Amino acid sequence: MDWIDSGVNWLGAKIFALMPDNWFRALLIGGIIKGVGGVIVFLPNILILFFFISLLESTGYMARAAFIMDKIMHKIGLHGRSFIPLIMGFGCNVPAILATRTIENRNSRMITILINPLMSCSARLPIYLLLAGTFFPRYAGLVIFCIYFGGIFLAAVMAKIFKKFLFSKDETPFVMELPPYRIPTFKSLMRDTWDKGKQYLHKIGTIILTGSIIIWALSYFPTEQNSFLMMIGQFIEPAMNFLFLFPIYFLINNIPLFSFLSYTKSSLSCSNTASKQQLRSLSLFSSAIFNPQISCPFKYPV
């Protein structure tokens, strides 16, 4: 991945140095190279993913794992083949969603794709640690466990809802033949891996390239300082502020309510200076962000 990233950066630097400053150079660097390069950097991981999926399928293990989990997955409206992509979602949601192409049933495949982001991937763990350590320092481990378990529970609930209202059409029942265990040949594994990787490259050269050029054009014209993308962002900014900032404002300004698990009554007394300082800092932070003209909603003498 580092080699591909370095190659993309090198190519962009060369074009920047050789071409004059105009819109076409900006298109090549900002629209094509950065847009496609940001996705093609995942190609090694995608090839490794498809290699091991082909290995599991060729050995017969994938069919047995799907057969074992089929009864449990049917309770939430899915098939056994959905189990592997959902488990992979705890590592990274991007290859996990790509792995759903092994699900032949379209309804199960679409439901699996929709609920896969609810599986907390490893990239979210630092954010969980930051929030849990800030608001619930004594019970950070329990809070993180509840977040992971809550994601699984919510995924099961949403799968039932999607199955009932969006993908209720009955399709062919799940029938699977358990193949014997066998050792696959290296040639067949590489052929399957390349076929699936070629489809990934085809999507990069068509859909992703087109989307990158459109986003670049919106951010470049009529001017970079006042682009169409900026106008769109300013138009939807009030709605986004309400959806995102209001819950944070309510949370921070009600710290005594939400911190009952981590701060006991004695920690709010005059004897616990560290707790008071942390609460006061968070209060000042919320006031500075949301309404600098209003003084801190609650203060503790330090």
Return yes or no: is residue 167 hydrophobic (A, V, I, L, M, F, W, C) and either over 23 Å from residue 101 (Cα atoms) or assigned to a helix (DSSP H, G or I) (or both)?
no
Pairs, please: C-beta under 6 Å, at least 6 apart or cross-chain, first residue under 15 Å from residue 49 (Cβ atoms) and in segment 75-90, second at pLDDT below 90?
85/96; 85/99; 85/100; 88/96; 88/99; 89/96
Filtering segment 98-122 down to residues that are among the small types (Gly, Ala, Ser) and either under 21 Å from residue 204 (Cβ atoms) or surrounded by 14 or more Cβ atoms within 10 Å (Cβ to Cβ) (or both) yields 99, 108, 120
Filter result (modelled with pLDDT under 90 and polar (S, T, N, Q)) within segment 77-127:
82, 93, 100, 102, 105, 107, 108, 120, 122
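Given the condition of a type in the set (A, V, I, L, M), within 24 Å of residue 98 (Cβ to Cβ) and in a helix (DSSP H, G or I), answer yes or no: does some residue in segment 3-25 qualify?
Yes: segment 3-25 contains one or more residues that are of a type in the set (A, V, I, L, M), within 24 Å of residue 98 (Cβ to Cβ) and in a helix (DSSP H, G or I).
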Counted residues, segment 180-197 - those being over 13 Å from residue 40 (Cα atoms) and surrounded by 11 or more Cβ atoms within 10 Å (Cβ to Cβ)
10
What are the residue pairs meeting all of these: first residue in segment 208-220, first residue within 9 Å of residue 31 (Cα to Cα), second residue β-branched (Val, Ile, Thr), Cβ atoms under 9 Å, and 6 or more apart or on different chains?
209/32; 209/36; 212/32; 212/36; 212/39; 213/32; 216/32
Give me the residue from segment 198-224 that is among the small types (Gly, Ala, Ser) and modelled with pLDDT of 85 or more and, out of that set, surrounded by the fewest Cβ atoms within 10 Å (Cβ to Cβ).
211
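The values are calculated or read from the model by the stated rules, or taken from the named source; none is laboratory data. In this text the structure is predicted, and so the values were computed from the model without any measurement. Neighbour counts run over all protein chains shown; Cβ positions are idealised from the backbone, glycine included.
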